[in-house]
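**Student:** If you scroll down you'll find the structure; I have some questions about it.
The values are calculated or read from the model by the stated rules, or taken from the named source; none is laboratory data. For clarity, every value in this text was computed on a predicted model and none was experimentally measured. Cβ sites come from the backbone with ideal geometry, for glycine too, and all protein chains shown count toward neighbours. Heads up: the accessible areas ignore ligands, DNA and RNA and are worked out on the full protein's heavy atoms, side chains in. Shrake-Rupley method; radii C 1.70, N 1.55, O 1.52, S 1.80 Å.
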Amino acid sequence: MDKITIQAVLENLDDMMEFLLNDLSKIISNKSLINQIRLSCEEVLVNVISYAYLEEKGNVEIIRDLSEEGMLFYQFIDEGVPYNPLLNTDPDINAPIEDRGIGGLGVYLYKSIMDEVKYERKDNKNILTFIKKI
Amino acid sequence: MSEKFIFQTGKISKINLSGKLDAVNAPLLMEELKSLIGQDVDKIVFYAKDLEYISSAGLRTIIFAKQKIGTETSIYFIEAQESVTDVITMSGLDNFLYIQDSFDE
């Protein structure tokens, strides 16, 4: 299991993604899947960066684990305002373009991409967990 | 200021996408696309051969382009890699875009 704690600012997004995706191409040959995992993680992190901390800057803790059974496990932990993305309404992806909102798309996508997404609020922390069988 | 993405403006406006279109640079593309609002644009052509990755922020700029520049404006995605078209399809955006191997004026 690998873990980093890093300040939740956009300047650190590349470092966060590097940690999340490090060596993933060695175990996943499907580039499309790697990009989908990347999109999912970016969505969570950008959300933490943009909305979790209102005035003072804060950190995000990221945990990554790959089990021998081929389960990819990610956890994102922040101490920002309570936010459960799973309560969002899914966008209607079949709606005409004029009616398409621009919110909620990323959450919808990671719920589609991941096998399991869990949210927990514990000890004043938002804990979002991704599980993906690969 | 030189444009990073748009390399031709007019009735047919052309945009080059390469590398990654993520939360860091999607706002830059959004700013450039804003310059097309109110212009007489029939077609927006995204050349995406070298685009490795698109995030939801990138997808939102495409929705923006269609909504704000003109719902009558046709949007083309040329030579996009499968890893990019996959998420376009997952988002339902393939209904509004022409995903093609080449663009013939």
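**Student:** Would you be able to say whether some residue in the range A:88-103 is within 23 Å of A:GLY58 (Cα to Cα) and either touching a strand residue (DSSP E or B) at 6+ places or on another chain (Cβ under 9 Å) or not charged (D, E, K, R) (or both)?
**Tutor:** Scanning the range A:88-103, I find no residue that is within 23 Å of A:GLY58 (Cα to Cα) and either touching a strand residue (DSSP E or B) at 6+ places or on another chain (Cβ under 9 Å) or not charged (D, E, K, R) (or both), so the answer is no.
**Student:** Further question: List every residue pair whose Cβ atoms sit under 8 Å apart, with the two residues 6 or more apart in sequence or on different chains, where the first one lies in the range B:15-26 and is within 11 Å of another protein chain (Cβ to nearest Cβ) and the second, anywhere, is open to solvent by less than 10 Å² (accessible area, probe 1.4 Å) and of a type in the set (Asp, Glu).
**Tutor:** From the range B:15-26, the pairs are B:ASP22/A:GLU42; B:ALA23/A:GLU42.
**Student:** Quick check on my filter: what residues within the range A:64-74 are more than 21 Å from B:ALA23 (Cα to Cα) and not polar (S, T, N, Q)?
**Tutor:** Of everything in the range A:64-74, those that are more than 21 Å from B:ALA23 (Cα to Cα) and not polar (S, T, N, Q) turn out to be A:ARG64, A:ASP65, A:LEU66, A:GLU68, A:GLU69, A:GLY70, A:MET71, A:LEU72, A:PHE73.
**Student:** What do you reckon, is A:LEU39 aliphatic (A, V, I, L, M) and modelled with pLDDT under 95?
**Tutor:** no
**Student:** What are the residues in the range A:28-59 that are in a loop (DSSP other than H, G, I, E, B) and either at positive phi or in contact (Cβ under 8 Å) with a residue 40 or more places away in the chain (or both), if any?
**Tutor:** Within the range A:28-59, A:ILE28, A:TYR53, A:LYS57, A:GLY58 meet the criteria.
**Student:** Return the residues of the range A:2-18 that are part of a helix (DSSP H, G or I) and either polar (S, T, N, Q) or open to solvent by 40 Å² or more (accessible area, probe 1.4 Å) (or both); say none if nothing qualifies.
**Tutor:** Result: A:LEU10, A:GLU11, A:ASN12, A:ASP14, A:ASP15, A:GLU18.
**Student:** So, one more: If I ask for residues that are in a strand (DSSP E or B) and in contact (Cβ under 8 Å) with a residue 12 or more places away in the chain, which ones from the range A:119-134 would you list?
**Tutor:** A:TYR119, A:ARG121, A:LYS125, A:ASN126, A:ILE127, A:LEU128, A:THR129, A:PHE130, A:ILE131, A:LYS132, A:LYS133
**Student:** Does B:GLN67 qualify as being of a type in the set (S, T, N, Q), open to solvent by 20 Å² or more (accessible area, probe 1.4 Å), within 11 Å of chain A (Cβ to nearest Cβ) and more than 24 Å from A:PRO96 (Cβ to Cβ)?
**Tutor:** No: the conditions fail for B:GLN67.
**Student:** Next question. Within the range B:70-105, work out how many residues are surrounded by 16 or more Cβ atoms within 10 Å (Cβ to Cβ), within 7 Å of chain A (Cβ to nearest Cβ) and more than 22 Å from B:LYS34 (Cβ to Cβ).
**Tutor:** 5
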